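Computed from the coordinates by the stated procedures, all read-outs in this text should not be read as laboratory data. Predicted model only: the values in this text are computed from it and were never measured. All Cβ positions, even for glycine, are placed from backbone atoms using ideal geometry, and neighbour counts span all protein chains on display.
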Amino acid sequence: MTFYTNTLDGQNITTTPRWIGVTGIRKVLSDTNAALDTISQNSQTVFTNTTWTSTDPKNFEGLLDNTYKKFSSRSLTNRNPAASKKVQNTIVPIYIKNYGEYTKSNTILNTIYQEFSTKIKASITLIDQAKEQSKYVSQNSDSIKSQINNIDTSLQPLSSTFTDLESKVINQWIDYVNI
């Protein structure tokens, strides 16, 4: 009896690996088909407007560059009387040097740019890859579902055998034992 219930309905344990049973396999196959339908439908609409992935990074770099250019030529008049006798009577504030170009290492703008590159640009790459791969899932969805249905069809005789076993042997044995 345990063999019958474990084979058909799966093991009744909480540890893994765990046999999910013929019924469980058929449910997983059915759920996979439904998931493929959802993925296929979503792939048609989820990536409709991704033009920002090619324009926004350049725009951001332009903003960083313009921000630095706006402040890079700023300077202060040196009010130190001893320095006023020198030819150069201006001071470039250290915070402007630290602000720096976004392409120059160890500057504030470069740190912002590096964070942008590692997070946003990496995300854009993943979006572009997902967009490309979703086309393949959508294109091959029917073929994958056909294979899954073939597996389910090949499991049907095994499932029917257990149903026959239940009705012809197990139920009669239970009735006999209960007499």
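Observations
- Mean residue ellipticity, 222 nm, helices only, the chain: the sum of -39500 (n - 2.57) across DSSP H runs of n ≥ 4, divided by residue count and rounded to 500, is -23000 deg cm²/dmol.
- Of Ile108, Ser167, Ile151, farthest towards positive along the dipole that unit charges on Lys, Arg, Asp, Glu beta carbons give the chain: Ile108
- Simple point charges give the picture: +1 on the Cβ of Lys and Arg, -1 on the Cβ of Asp and Glu, and for the chain a dipole about the Cα centre of about 1880 debye.
- GNM result for the chain, Cα springs below 10 Å: residue of Asn66, Asn78, Asn106 fluctuating most strongly: Asn78
- Ranking Ala34, Ser123, Leu64 by how far each Cα lies toward the positive end of the dipole of the chain (charges on Cβ) leaves Leu64 at the top.
- Whether the range 78-179 is rounded, prolate or oblate, judged on the alpha carbon gyration tensor where a/c under 1.5 counts as rounded: prolate
- Most mobile listed residue (Leu165, Leu64, Leu36) in the chain, GNM with C-alpha springs under 10 Å: Leu165
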